[in-house]
1. Ignoring ligands, DNA and RNA, what percent of the accessible area of the chain is carbon or sulfur (1.4 Å)?
2. Keeping every protein chain present and rolling a 1.4 Å probe, give me the accessible area per residue for the chain in Å².
3. Would you work out which of M19, G72, L154 lies farthest towards the positive end of the dipole of the chain, given +1 charges on the beta-carbon of Lys and Arg and -1 on that of Asp and Glu, about the Cα centre?
4. Give me the distance in nm between label points sitting 7 Å out from Cα along the Cα-to-Cβ direction at K225 and L128, one decimal.
5. Under the Kirkwood approximation for Rh and a Cα-based Rg, what ratio Rg/Rh is obtained for the range 1-106?
6. If you take every residue apart from L196 with its C-beta less than 11 Å away from the C-beta of L196, what net charge results, scoring Lys and Arg +1 and Asp and Glu -1?
7. Picking from L128, L84, A176, whose Cα lies most toward the positive end of the charge dipole for the range 72-185 (charges on Cβ: Lys, Arg +1; Asp, Glu -1)?
8. Based on the mean of other beta carbon atoms within 10 Å per residue, what is the order of 175-181, 146-152, most packed first?
Amino acid sequence: MDLAAYAYPLVRAAHVLVMGYWLGSELVINALTHYIARSRSLPAAERMRLWDFLLDVDQHVRNALILSVPLGFTLASFLGLVPLGAVGLAALWAGSALWFWFMWLVHWRRKAPEGRILAAWDWRLRYLLIALAAGSALWSLATGWPLPATWLALKVLLFAGVMVCGIAVRHYIREAYRGPLPAIAEDRATDADEALFRRLMVKATWALVVLWVLLFTIGALGALKPHFG
Ligand code: HEM
């Protein structure tokens, strides 16, 4: 039995599965976000327990985002669409595993003294990865290297866009922490606090809608592999 023959279809199946895992988790998180924002009758401690649970569920989205990268580039490498040999692919998986570990460390240590510093470094890492993805995609669209297939370069460019949307969602969550959330947690929130909290979650939802449109477009580019020009 030639196991290598099963590798590609299994990786592709995992790649598509991750898309479903991502979108499904996002929908649950968004529904729960609005439930928490509307549930003023819940005791403050219960609302904050739900908020903490929401952040735990949000880890599934982050799992999917990171997993998309090595799975996608493994497919691209199999198809000869990226100049990554076995060593390069192994390095990409190792880098993704490191990113995955750091993403979980930031989550696990978010309430620890070093939580804020770790979160700041997580933001900086996102900016670096956005620049790397957008830069290599735009350079590929201009020169044909390192991603000669236009549809794949566009996928990577839109993936940078997805990470920008993720930053926008985080921005509104950070504004909630800087604004109404402490008052809600201490059960002293005013009508203005509650209204601001709902407004921030609505803005975060619009950033998510853009993210979902990008994800569907990325998926369609991968499925259709259109030829441009
Ligand atoms: C930047 C990272 C990504 C890379 C390098 C990448 C690469 C690829 C490649 C090379 C294929 C073609 C596989 C084939 O047809 O045999 C593909 C297909 C696909 N990709 Fe990605 N991808 C990435 C991110 C994503 C993301 C974020 C999603 C959605 C969440 C996604 C969804 C899909 C889907 C749905 C297919 C079609 C699979 C099929 O036809 O069976 N990809 N991707």
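The values are calculated or read from the model by the stated rules, or taken from the named source; none is laboratory data. Predicted model only: the values in this text are computed from it and were never measured. Note that each Cβ is placed from the backbone with ideal geometry, even for glycine, and that neighbours are counted across all protein chains shown. Accessible surface areas use protein heavy atoms only, side chains included; no ligands, DNA or RNA. Shrake-Rupley method; radii C 1.70, N 1.55, O 1.52, S 1.80 Å.
1. 71 percent
2. 54 Å²
3. Comparing the listed Cα positions along the dipole, L154 ranks first.
4. 3.3 nm
5. 1.15
6. 0
7. Checking the options against the dipole of the range 72-185, the answer is A176.
8. 146-152, 175-181
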